[in-house]
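Inspection log for the structure reproduced underneath, given as structure tokens.
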Amino acid sequence: MRRTILHSDMNNCYASIELLHRPELRGKPLAVGGDPEARHGIVLAKDQLAKKAGVKTGMALWQAKQVCPDIVFVPPRMDLYLRFSRLAHEIYSDYTDRQEAFGIDESWLDVTESCSLKGSGEKIAEEISRRIKKELGITVSIGVSWNKIFAKLGSDYKKPDAITVINQENYRNIVWPLSVEDLLFVGRATKNKLNKLGIYTIGALAETDPDILKIHLGKVGMILSYFANGNDNTPVCYQDENAPIKSIGNSTTTPRDLTTETDVSIIVWLLAESVSARLREHHFIGNVVEISVRDKDLFSFTRQKKVPLSTNITSEIATYAMELFRANYNWQKPIRSVGVRVSDLQIDTAPVQLSLFSDQERRERYHRMDQTVDIIRKRFGFYSIQRGIMYQDKKLSALNAKEDNIVHPCGYMQRGNLTGVR
């Protein structure tokens, strides 16, 4: 049976949610991102008015202000956006248990098994669109196709609040005339390489000999050939198999230069508390811990390690981060910035392989302790409970790092194998 795949994309997700909670800003161009007070950072999202004025995602805030003088900046609230993401997935779950997040605001849905009960893919898309609008107050654009790549192209084809069906009969008319850069996985560098080969549209890419593409682009060329011809058979993951984001991290420029390992340890523990609290709040565990360090002359490096057991436990994250620091920094210069990140996330209810050499009861005690600290801080404030190391330097430990977490969306290629591509 041919698959029926939907790709649902929340329109101007961050900005739409902000306008929902800040109705006084409706009718004004709005952008989410950076520090509105200090006017530094980049645009993470913008509404339709800002978009029409020429504001683009990734612009520096000062550039956006030049393009659109009346623009209003608001800081991002990832907790709020993740809550809306979860609410959307609750709606999707009424139609399928195969939901694969592609970031906070996008998801693939395999509704093949639901079509016999709820109608065609287009009908299901219409019902989902109505419910998102009624129950969440925002809109989605949905693509309907037999594969994930064309479903995503469909959700991008018309915006906002639109449904596009791409099937075997019309894909050559809809997909093939599109610019090659509209295809998933074609970035600026790949686009330039394809253009040098005289390939400007997805149709031209589809009709190019795959062997030629492989010569010039390697395995990616073969993958793009499959994508352009609609031959992507990658399955949609089951609900809760994957997190809607790939990492949560936090970094800070310290109030003073760090000159000792104790200084670094204070900051690392603060950041680990921040990151682990956010992981627990959204029910994630991670398999990779990363540390980034920048010295006073702005030389920086990043190191990461895969951990033996998936974790969101503060002490484990801090310990792994300090191990990475000790192994990679020689103290030639003082440090001015430190970052801690946990990546390769999965939902904390997903099954994990335990180790015979780990003390699982001890890990569970630490996890319960972390949860208790979360509850106390939520009720009485961040500084109501602190670790003993924080009293060694009140200036460094005064940082409340929890407010500055950064999340990163998932990538497509981590989603299993592409059938037929070798």
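The values are calculated or read from the model by the stated rules, or taken from the named source; none is laboratory data. Since the model is a prediction, treat every value here as computed from it, not as a measurement. Neighbour counts are summed over all protein chains in view; Cβ atoms, including those assigned to glycine, are modelled from backbone coordinates with ideal geometry. We work out accessible area using only protein heavy atoms, side chains counted, and drop any ligands, DNA or RNA first. Shrake-Rupley method; radii C 1.70, N 1.55, O 1.52, S 1.80 Å.
Data for the structure
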read-out	value
Accessible area in the full protein assembly, largest first, 1.4 Å probe, for Ile389, Ile128	Ile389, Ile128
Sites Asn170 and Arg130, calculated FRET efficiency, Cβ-Cβ separation with R0 35 Å, nearest 0.05	0.90
Residue pairs, from the table Lys118/Lys148; Lys28/Lys159; Lys191/Lys306; Lys148/Lys191, whose Cα atoms sit over 26 Å apart	Lys191/Lys306
Zone of Tyr238's modelled label, taken as backbone nitrogen in the stretch 97-130 under 13 Å from a point 7 Å along Cα→Cβ	97-99
Reachable aspartates and glutamates from Lys196, criterion Cα separation under 19 angstrom, eight or more residues apart if same chain	Glu181, Asp182, Glu207, Asp209, Asp211
Extended-chain gain in nm, criterion 0.36 nm per residue less alpha-carbon gap, Asn330 and Arg256	24.7 nm
C-alpha center-to-center spacing [the stretch 357-401, the stretch 113-132] in angstrom	45 Å
Global geometry of the stretch 120-278, whether rounded, prolate or oblate, following the gyration tensor of its Cα atoms and the 1.5 cut on a/c	oblate
Relative counts (whole %) of C-alpha pair distances in the chain, using bins that are 10 Å wide	4, 18, 26, 27, 18, 6, 1
Extension gain (nm, one decimal) between Lys306 and Val67, 0.36 nm per residue minus Cα-Cα	81.7 nm
Dipole magnitude of the chain about its Cα centre (Cβ charges: Lys, Arg +1; Asp, Glu -1), debye to nearest 20	780 debye
FRET efficiency for His283 and Glu113, using Cβ-Cβ distance with R0 set to 30 Å, rounded to 0.05	0.70
Mean-position separation - Cα centroids, the stretch 252-308 and the stretch 203-228, in angstrom	41 Å
Where labels lie 7 Å past Cα in the beta-carbon direction, separation of Arg188 and Arg2 in nm	3.9 nm
Accessible surface of the chain [probe 1.4 Å, protein heavy atoms]: carbon and sulfur percent	50 percent
Between 0 and 90°, nearest 10: helix 148-157 axis offset from the chain longest Cα axis	90 degrees
Cut-off 19 Å, label 7 Å out along Cα→Cβ of Gln48, residues of the stretch 65-102 by amide N	71-72
Accessible area of Ser8 in the full protein assembly, 1.4 Å probe (Å², nearest 10)	0 Å²
Contour minus Cα-Cα distance for Tyr391 and Asp79 (0.36 nm per residue)	109.4 nm
Residues Leu25 and Lys378, FRET efficiency given R0 of 25 Å [Cβ-Cβ distance, rounded to 0.05]	0.35
Relative contact order (percent, whole number), the chain, Cα cutoff 8 Å, 6+ residue spacing	15 percent
Value of relative contact order over the stretch 251-341, rounded to a whole percent, pairs C-alpha under 8 Å and six or more apart	46 percent
Among 12-19, 198-205, 225-232, the order from most to least packed when residues are scored by Cβ within 10 Å on average	12-19, 225-232, 198-205
Degrees separating the helix 219-228 axis from the principal Cα axis of the chain, which is the longest one	50 degrees
Between 0 and 90°, nearest 10: helix 78-92 axis offset from the chain longest Cα axis	40 degrees
